[in-house]
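The values are calculated or read from the model by the stated rules, or taken from the named source; none is laboratory data. Just so you know, these numbers come straight off a predicted model, no measurement behind them. Positions of Cβ are generated from backbone atoms using ideal geometry, with glycine treated the same way; all protein chains shown enter the neighbour counts.
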Amino acid sequence: MLDNLTNRLARVMKSLKGEARLTEANIGDALREVRMALLEADVALPVVKDFIAAVKEKAVGEEVIGSLSPGQALIGVVHAELTKIMGDAHEGINFNTQPPAIVLMAGLQGAGKTTTVGKLGKFLKENHKKKVLVVSCDVYRPAAIEQLKFVAGQAGVDFFPSSVGEKPEDIAAAAIDWAKRHYHDVVLVDTAGRLAVDEEMMAEIKRLHAAIKPIETLFVVDAMLGQDAVNTARSFNEALPLTGVVLTKLDGDARGGAALSVRHVTGKPIKFAGVGEKLTGLEAFHPERMASRILGMGDVLSLIEEARKGLDEEKAVAFAKKLKAGKGFDLNDFKEQMAQMRSMGGLSALMDKMPAQIAQAAGQLPAGAENKMIGRVEGIINSMTPAERAKPELIKASRKRRIAMGAGVQVQDVNRLLNQFEQTQKMMKQFSKGGMGKLMRGMKGMIPGMR
Amino acid sequence: MFSFLKKSPADGKSDAKPGVPADAAPVEAAKPGWRERLFKGLAKTRAQWGGKLKSIFSRGKVDDELLEELETLLLTSDCGMEATLHLLDELKKAAKRDKLDTPEAIQQALRDALLATLQPLEQRLDVSTHQPYVIMIAGVNGAGKTTSIGKLAKYFQGQGKSVLLAAGDTFRAAAREQLQTWGERNNVTVIAQESGDPAAVIYDAIAAARARGIDIVLADTAGRLPTQLHLMEEIAKVRRVIQKIEPEGPHETLLVLDANIGQNALAQVKAFDKAINVTGLVLTKLDGTAKGGVVTAIARQCPKPIRFIGVGEQIDDLRPFSAKDFVDALFE
């Protein structure tokens, strides 16, 4: 995501090479490009104007220090400002109240409120050890209540039943009463999607807000939203005392300009980002990381976090022990690695977070090919006997033929796999001897853009 | 078969002259009310546009400042860079050629340029060519697919067609129930399965429609983002499976777009077109403050006929797109 903005900035910055100091004259063109790029990225115009003004003020007179190029100096300023607009650091949910902490969700139709309720419920239950109750006040859309019930079941949180004949305030009041008597820590209140211009519906959610006095009122907003995000956010912010924003569908290829607009207009922190359809797809929103991503510096921190989540810690420890004990890296381990890679969402999910240079080089691979490849490798290894997996040097011509038949591939594919395995094994040996530094040096030639 | 014979003259006419609403009778009768609703739906858009336009045009001559402001205006309506520059070029050319110097003339010129851009997208859907006529509906999460299907079912029923719905969204919780509720309200059969493969559900639905002599099959699918490659692969498979039972099908592949979405709408059209060969668009949620300007960007960069637009929550608020009404409503 956000590639195009990155590329455009990169192109603009090239024209700035060889200047000693940023002046109004030499960044004028660049700033116009930045403005256009931001507009194309769906950042709302008033926000763009403020942003450009702030960057200009900061950038003019900035000395180009040391080994920095003027372009890098300007990117530095742009990055700092982007981070500032999106809020400085991550903020979580406020539980500072007498339980239950009530969280009200509001937003347009199709923003992803119900899914977010499910994700947030699971998140609070697993990461904060809270007892969560969810309730739907959407008495309009067909089957909205069933949807929440189902999602709550998947997330493993309690669901308070409601029916379409009831009034939203009554439903919420009954749910809160129930939560108090059953010692729930958090009540998540889902509401119907509404347009900011629909006065009747806005009055309804105002009444609901007044009746339940939530400690958090979260505005759920689609990351793909266009210029109108600014109007919608303003109307909701005026009608309701919002305390935070949840940005959804961030895994799409929208450039996410809405994140900047909404934050700028409401002044409220973006607390979470929704990615993917699974209920685990809720991340804490980190403004500085988003800014890095926009600028193509890669979201390496998120990547590390994700890797940690995807890895099975026990297996990793066992693996490390095995290596330390000097035992060889065999095909079982190789297969394990492949499986872990897949559980992290495959190569494409990783590439999203890599710096633009690397991602671009990798982007030349045909889409989806790597998943097929991993499947094939697993198939080949599965066709081997345990003895062969533990001692790959056993595998000679006739065994190769048998394995190829079993996996439904050509003998060449088996050879290719064995070669790949040997390389990885070599790398692992280095790793166990010389540690990470040596390994990285060994990889220098393999990854483009690394120095 | 009979309905096919009955409808064909009227539909033939509307085919020949896009923009002339010479369709079946119910559309004609509902015309004034519909126009009003479109105007009301776009009232917010107009307030925003109209107000700004007036202040811009009141200056009365075409200079750089005016063009700069128009550029801003078009950009804030989600028109996108490319379409904005094109419209401004047209406007400049017209101003030079016709020596425009009054605000009214400039407004008319912009209106003409917009209309010329959007007119090719106005192509009515002709559902009488096959029976059953299979319409596959796709889109990103939360675009309004299932709601649009409900409205479409009502629309086709109003034209005297029999409709069958296929609950192909087997992924999202309660999507099936949502469609079934729509079906119950409007007396339409919904083919659904307990769980399982979307392609299989739709295959079943088409077989059922054949057996029952139904005119139109509306096939729902789960929402998906174009970056989720495995899901795009899945929807391509749904299309292939439809072709197994209906070699010429799906006769129409509609992509549902939310008018609130910005430039990403373009990426959506391109990605879905690549996977399932989109033949028409449905633009929903135009009743908010969103301007739907992205339509102009689509018209320029990956033109697909806009079959329907949705301007309200009522069941009959989804109607065929008319470029003239759309532009008129913006400028009124």
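Side notes on the structure shown:
- Only one of the listed residues (B:G262, B:G249, B:G223) is modelled with pLDDT under 90, over 25 Å from B:H130 (Cα atoms) and of a type in the set (G, A, S). That residue is B:G262.
- The listed residue being more than 27 Å from B:N260 (Cα to Cα), in the same structural domain as B:G292 (by TED's automatic domain parsing) and crowded, with 22+ Cβ neighbours inside 10 Å, out of B:I191, B:I149: B:I191
- Among the residues of the stretch A:108-127, those identified as touching a residue at least 40 places away in the same chain (Cβ under 8 Å) and closer than 26 Å to A:R181 by Cα are A:T114, A:T116, A:V117, A:G118, A:K119, A:L120, A:G121, A:K122, A:F123, A:L124.
- When B:L254, B:L225, B:L283, B:L229 are checked against the criterion of being out of contact with any strand residue (DSSP E or B) (no Cβ under 9 Å at 6 or more places or on another chain), more than 19 Å from A:V221 (Cβ to Cβ) and assigned by TED's automatic domain parsing to the domain that holds B:A174, B:L229 stands alone in meeting it.
- Qualifying residue in the stretch B:232-247 (condition: surrounded by 24 or more Cβ atoms within 10 Å (Cβ to Cβ) and of a type outside the set (K, R)): yes
- Complete set of residues in the stretch B:251-268 that are surrounded by fewer than 24 Cβ atoms within 10 Å (Cβ to Cβ) and more than 14 Å from chain A (Cβ to nearest Cβ): B:H251, B:E252
- Residue match in the stretch B:283-292 (condition: crowded, with 24+ Cβ neighbours inside 10 Å and modelled with pLDDT of 90 or more): yes
- Selection within the stretch B:301-312 - within 14 Å of chain A (Cβ to nearest Cβ) and either outside any strand (DSSP E or B) or farther than 19 Å from B:L254 by Cβ (or both): B:Q301, B:V311, B:G312
- Filter result (in contact (Cβ under 8 Å) with a residue 24 or more places away in the chain and either among the aromatic types (F, W, Y) or out of contact with any strand residue (DSSP E or B) (no Cβ under 8 Å at 6 or more places or on another chain) (or both)) within the stretch B:169-184: B:D169, B:T170, B:F171, B:R172, B:A175, B:Q178, B:W182
- Any hit, the stretch A:176-192, residues being in contact with a Cys (Cβ under 8 Å, 6 or more places away or on another chain), outside any helix (DSSP H, G or I) and among the acidic types (D, E): yes
- Across the stretch B:117-126, the number of residues qualifying as over 14 Å from the mean Cα position of the chain (by Cα) and either in a loop (DSSP other than H, G, I, E, B) or under 14 Å from B:L218 (Cα atoms) (or both) comes to 1.
A quick yes/no check of all residues on (1) in the same structural domain as A:D330 (by TED's automatic domain parsing); (2) without any contact (Cβ under 8 Å) to a residue 12 or more places away in the chain; (3) over 18 Å from A:K372 (Cα atoms):
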site: A:T385; (1), (2), (3): yes, yes, yes
site: A:E388; (1), (2), (3): yes, no, yes
site: A:K396; (1), (2), (3): yes, yes, yes
site: A:K400; (1), (2), (3): yes, no, yes
site: A:G406; (1), (2), (3): yes, no, no
site: A:Q410; (1), (2), (3): yes, yes, no
site: A:D413; (1), (2), (3): yes, no, no
site: A:Q423; (1), (2), (3): yes, yes, yes
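- Hey, B:D220 within 14 Å of another protein chain (Cβ to nearest Cβ), within 20 Å of B:Q157 (Cβ to Cβ) and either of a type in the set (A, V, I, L, M) or under 18 Å from the mean Cα position of the chain (by Cα) (or both) or not: yes
- Search result, residues across the stretch B:223-250 that are of a type in the set (V, I, T), within 14 Å of chain A (Cβ to nearest Cβ) and under 24 Å from B:K151 (Cα atoms): B:I235
- Residue list for the stretch B:171-199, restricted to those being away from chain A (no Cβ under 13 Å) and more than 25 Å from the chain's Cα centre (by Cα): B:Q193, B:E194, B:G196, B:D197
- Condition met for A:V117 (surrounded by 15 or more Cβ atoms within 10 Å (Cβ to Cβ), of a type in the set (V, I, T), part of a loop (DSSP other than H, G, I, E, B) and within 14 Å of chain B (Cβ to nearest Cβ)): no
- Any chance A:A175 is over 29 Å from the mean Cα position of the chain (by Cα) and buried (at least 24 other Cβ atoms within 10 Å of the Cβ): yes
- Of the residues A:G244, A:G257, the single one that is more than 11 Å from chain B (Cβ to nearest Cβ) and either surrounded by 24 or more Cβ atoms within 10 Å (Cβ to Cβ) or small (G, A, S) (or both) is A:G244.
- Annotation note: Cβ proximity below 6 Å between a residue of the stretch B:227-246 that is on the phi < 0 side of the Ramachandran plot and a residue that is part of a loop (DSSP other than H, G, I, E, B) and surrounded by fewer than 16 Cβ atoms within 10 Å (Cβ to Cβ) (sequence gap 6+ or interchain) occurs for B:L229/A:A367; B:L229/A:G368.
- Search result, residues across the stretch B:276-294 that are part of a strand (DSSP E or B) and facing chain A (nearest Cβ under 10 Å): B:T284
- A single entry from B:D204, B:D273, B:D316 fulfils the requirement of being assigned to a helix (DSSP H, G or I) and over 25 Å from A:G256 (Cα atoms): B:D204.
- Scanning the stretch A:225-266 for residues that are under 14 Å from the mean Cα position of the chain (by Cα), outside any strand (DSSP E or B) and not small (G, A, S) yields A:K249, A:L250, A:D251, A:D253, A:R255.
Condition check ((1) closer than 28 Å to B:L66 by Cβ; (2) in contact with a Gly (Cβ under 8 Å, 6 or more places away or on another chain); (3) in a helix (DSSP H, G or I); (4) not assigned by TED's automatic domain parsing to the domain that holds B:I191) across all residues:
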{"site": "B:L91", "(1), (2), (3), (4)": "yes, no, yes, yes"}
{"site": "B:A95", "(1), (2), (3), (4)": "yes, no, yes, yes"}
{"site": "B:L100", "(1), (2), (3), (4)": "yes, no, no, yes"}
{"site": "B:L115", "(1), (2), (3), (4)": "yes, no, yes, yes"}
{"site": "B:S128", "(1), (2), (3), (4)": "no, no, no, yes"}
{"site": "B:I137", "(1), (2), (3), (4)": "no, no, no, no"}
{"site": "B:Y155", "(1), (2), (3), (4)": "no, no, yes, no"}
{"site": "B:L164", "(1), (2), (3), (4)": "no, no, no, no"}
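- When residues in the stretch A:56-92 are screened for being among the aliphatic types (A, V, I, L, M) and either more than 27 Å from the chain's Cα centre (by Cα) or at pLDDT 85 or above (or both), 6 of them pass.
- Meets criteria (farther than 28 Å from B:A265 by Cβ, in contact with a Ser or Thr (Cβ under 6 Å, 6 or more places away or on another chain) and either buried (at least 21 other Cβ atoms within 10 Å of the Cβ) or of a type in the set (G, A, S) (or both)) for B:L179: no
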